[in-house]
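Here is the structure we will look at.
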Amino acid sequence: MRQEAFLRRFHAERPGVTGEAMARGTGPDGRSSYTMLRDLVHGARAVLDLGCGNGVLLESFAGEPEAAGGAGGAGRVLAGVDLSAEALAAARGRAGVPAGAVLVRGRGQRLPFADGTFDACVSHMALMLMGDVEQVAAEVARVLAPGGVFACVVGGGAVAGGGDAYERFLRLVRSAVDALPAERRIPRLGDPRTRTREGLDALLRAAGFGPVAWRTVPLRLDGTVEDVWRTVSCLYDLEPLPAPDAAALREAFLAEVARITGPDGRVPCVMRLHLSRAVLPPR
């Protein structure tokens, strides 16, 4: 598929870029989006990370303290699957990812694991990029044991009317991308149904899951101008921009955020995320 070829190429050149950008963000309670997702399956003993990238989420699971009756990092079986061989190599080299973690190159539409292998499957900003999502949902249900949990984080865009750096950046990048010929733009990624509660609920129910629990949270990615630029410039949409256009976009962005930079040099930047959780009923 064209979208998978694009994702492989992008992450071959920039393995782990999304994970490193997102990991510094914090929600209203100070947790990262990775920690929030991890906590949705707290106590799971065998966990699959669908679209694991360079292992940021797997590292979080490995470092989780053990709770009463649950599984801490040492007692947990961890596995990850990803399209990108380069991202998987980065995950294998990540200090916090256990040597025993099973990291496999593969597709969500055909998971390389036996039926009922896991009691939790998680996906951070990856499900929203996948095509044939009905097949992905069916595969997740297949590899989960009865009573297993699927939890994911998907992007929710900017906070409307917030006026922060992310909202301003999205407006600028849309203008730059719209100016490109259609054949130069990136392929459409994912299925929009994964980004709404109703759409995801319908997809997962068709695969045998119970109702989706859904929560929207703001993720603060404030920082210096350079911090914020590194975060927002990892968006896929920038990839086809010619170098002069990318440089012009950066200059326009710097001019925009100069208006909202605080006296301490920090720039407000907020991204909305949707967190969801669904349970596969026991047999």
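The values are calculated or read from the model by the stated rules, or taken from the named source; none is laboratory data. This one's a predicted model, so the numbers in the text were calculated from it and none came from an experiment. Every residue, glycine as well, gets a Cβ built from its backbone with ideal geometry; the counts of neighbours run over all protein chains shown.
Couple of notes before you dig in:
- For the residues 206, 176, the requirement of being surrounded by 15 or more Cβ atoms within 10 Å (Cβ to Cβ) and touching a residue at least 40 places away in the same chain (Cβ under 8 Å) singles out 176.
- Once segment 115-126 is narrowed to residues that are aliphatic (A, V, I, L, M) and in contact with a Leu (Cβ under 7 Å, 6 or more places away or on another chain), the residue that is modelled with the highest pLDDT is 122.
- Selection from segment 20-43 of residues that are touching a Cys at 6+ places or on another chain (Cβ under 9 Å) and under 17 Å from residue 79 (Cβ atoms): 37, 41
- When segment 128-166 is filtered for residues that are assigned to a helix (DSSP H, G or I), free of Cβ contacts under 8 Å to residues at least 40 places away in the same chain and surrounded by fewer than 20 Cβ atoms within 10 Å (Cβ to Cβ), the ones remaining, listed by number, are 135, 142.
- Segment 85-118: number of residues that are within 22 Å of residue 137 (Cβ to Cβ) and buried (at least 21 other Cβ atoms within 10 Å of the Cβ): 3
- In segment 21-39, of all residues being charged (D, E, K, R) and within 17 Å of residue 63 (Cα to Cα), the one that is modelled with the lowest pLDDT corresponds to 24.
- Scanning segment 181-193 for residues that are closer than 21 Å to residue 156 by Cα and either in contact with a Cys (Cβ under 8 Å, 6 or more places away or on another chain) or small (Gly, Ala, Ser) (or both) yields one hit, 190.
Here's the yes/no breakdown for (1) closer than 24 Å to residue 273 by Cα; (2) not small (Gly, Ala, Ser):
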| position | (1), (2) |
| --- | --- |
| 77 | no, yes |
| 89 | no, no |
| 92 | no, yes |
| 96 | no, no |
| 106 | no, no |
| 123 | yes, no |
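- Residue in segment 8-31 that is surrounded by the fewest Cβ atoms within 10 Å (Cβ to Cβ), counting only those that are touching a strand residue (DSSP E or B) at 6+ places or on another chain (Cβ under 6 Å) and part of a loop (DSSP other than H, G, I, E, B): 27
- Between 261, 216, the distinction of being polar (S, T, N, Q), loosely packed, with under 15 Cβ neighbours inside 10 Å and at pLDDT 95 or above belongs to 216 only.
- Here 79, 5, 90 are screened, and the one residue that is at pLDDT 95 or above, small (Gly, Ala, Ser) and not in a loop (DSSP other than H, G, I, E, B) is 79.
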